[in-house]
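One structure is given below, encoded as structure tokens.
No lab work stands behind these numbers, since they all come straight from the coordinates. Predicted model only: the values in this text are computed from it and were never measured. Counting neighbours? That spans all protein chains shown, and the Cβs are built from the backbone with ideal geometry, glycine included.
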Amino acid sequence: MKLRWLFPGLVGAWLLLTSIASATTLQSWRFDSRQNQLELSTDEGVQPRARLLYNPTRLVIDLPGTKLGRPKQTEAVSGKFATLRVAQFDRETTRIVLELDRGYTLDPKQIRVRYNSARQWIVELPPAKFSPLLATSEILPSQDIEVPQAPVAANPPVTATGVQPTPVNPGLRLPRSLSTGPSTVPNGRRVVVIDPGHGGPDPGAVGIGGLRETDIVLDISQQVTSLLEQQGITVVLTRNGEYDLGLEPRVQMAERANATIFVSIHANAMPANRSDISGIETYYYNTGKQLAQVIHQTILEDTGARDRRVRQARFYVIRRTSMPAVLLEVGFVTGVEDAAQLSTPAYRSRMAAAIARGILRYLGQGG
């Protein structure tokens with residue numbers, strides 16, 4: 001999870017293996033000067049990212065997993081806006097830049113991004129205002145714009161090494177030896193948020209043979225979701241496909257759902273010369289200690305994984321959530337032992353069953 005920058009060659013290889021021909025296509029875009037809004041349309045679902053940059057002020061919208069399919073387009077627009085530029089930023093991203101006349105700016109808090117569907121997005125802009133500060137050459141930090149979560153996944157998962165996600169089987173059941181029994185979970189509404197780390201243009205850690213964190217954790221998370229739902233638990237999955245999702249939206253999804261617990265699932269990494277390191281780690285920040293201990297112990301019992309302990313940490317998603325929250329590291333994609341296990345559907349299913357049983361155990365204790 002934390003050291004993917006140590007493997008630039010593997011990440012580059014993944015990018016080369018990702019075919020742009022299979023990407024979403026930006027079909028149309030339009031700036032409506034009367035409504036002061038930008039309208040976008042794609043042929044498949046997409047999860048945009050947006051931020052405001054300065055000197056000159058420009059609104060930058062990135063569409064991950066999207067191709068333009070034509071040369072760079074530059075259009076003149078009216079009002080206090082100078083140009084609208086659309087180009088292929090990299091192999092995986094189409095970038096739209098709406099630039100204002102020099103000295104003019106927008107209040108980022110008043111920019112509203114909304115969707116009619118995951119294929120149709122509208123960016124509503126406040127009136128542009130002149131700022132003498134921005135007429136100078138002073139560089140100001142960029143500001144992220146809040147973008148709501150798309151109603152559907154942007155694109156299906158893409159893998160680089162033949163490690164395909166295990167199909168989510170509606171008939172999947174907890175093994176009899178792992179089942180907690182119907183009386184374990186007490187009556188009352190229980191909402192569990194399962195958060196597969198990373199996604200889309202951010203594959204997370206990349207390890208032996210190009211094994212990607214995002215593929216592993218999405219597969220495991222989907223299986224955990226299915227198992228918990230079969231036990232009568234309401235589950236919110238923060239992402240169900242390969243698209244970009246920031247940290248704060250994950251937190252907000254848990255808060256809006258009034259979740260009972262929050263479980264973020266990741267895979268770990270070490271430098272290339274430490275392939276001997278394997279094992280699971282479980283992190284909590286504050287109220288999640290008991291949850292971390294129960295899930296961690298259950299994984300050890302049910303998978304035989306090496307124990308790298310329960311630890312306290314300040315990861316954003318477990319620090320900013322108000323309910324008991326944990327971050328699981330299900331193994332090292334850089335570890336010879338773990339990578340061999342995590343690359344197999346059978347072990348990922350076993351890991352998912354262990355996580356689900358640990359969650360049920362915790363809920364059975366009344367939280």
Response to the item:
Proxy exposure order for F262, F81 (fewest C-beta within 10 Å first) is F81, F262
Worksheet, complete the sentence: Counted neighbours (other Cβ, 10 Å), sorted fewest up, put R311, R212 in the order R311, R212
Worksheet item: Which value in nm describes the separation of the simple spin-label points at N55 and R30, placed 7 Å from the Cα toward the beta carbon?
Response: 3.7 nm
Item to complete: Please give the FRET efficiency for Q143 paired with T287, using the beta carbon to beta carbon distance and R0 = 22 Å, rounded to the nearest 0.05.
Response: 0.10
Worksheet, complete the sentence: Taking Cα pairs closer than 8 Å and at least 6 residues apart, the relative contact order of the range 191-364 in percent is 30 percent
Worksheet item: If you wrap a convex hull around the Cα atoms of the range 190-273, how much volume per residue is inside, in Å³?
Response: 91 Å³
Discussion item. If neighbour count is taken as other Cβ atoms inside 10 Å, put Y316, Y243 in order from fewest to most.
Written reply: Y316, Y243
Response to the item:
For the V191, E124 Cβ pair and Förster radius 35 Å, calculated FRET efficiency rounded to 0.05 is 0.65
Discussion item. Suppose we look only past 19 Å in the calculated P(r) of the range 191-364. What percent of the Cα-Cα pairs does that tail hold?
Written reply: 51 percent
Practice prompt. Tell me the label-point distance for the pair D43, E301, using the 7 Å Cα-to-Cβ offset, in nm and rounded to one decimal.
Written response: 5.1 nm
Response to the item:
Mean separation of Cα contacts under 8 Å (at least 6 apart) over the residue count of the range 83-136, i.e. the relative contact order in percent, is 32 percent
Discussion item. Over the Cα atoms of the range 19-145, what radius of gyration and what Dmax do you get, in Å?
Written reply: 14.4, 46
Response to the item:
Taking Lys and Arg as +1 and Asp and Glu as -1, residues besides I280 with C-beta under 13 Å from its C-beta add up to -2
Worksheet item: Straight-line reach from K129: which aspartates and glutamates have Cα under 15 Å away, leaving out those fewer than 8 places along the same chain?
Response: E99, D101, D107
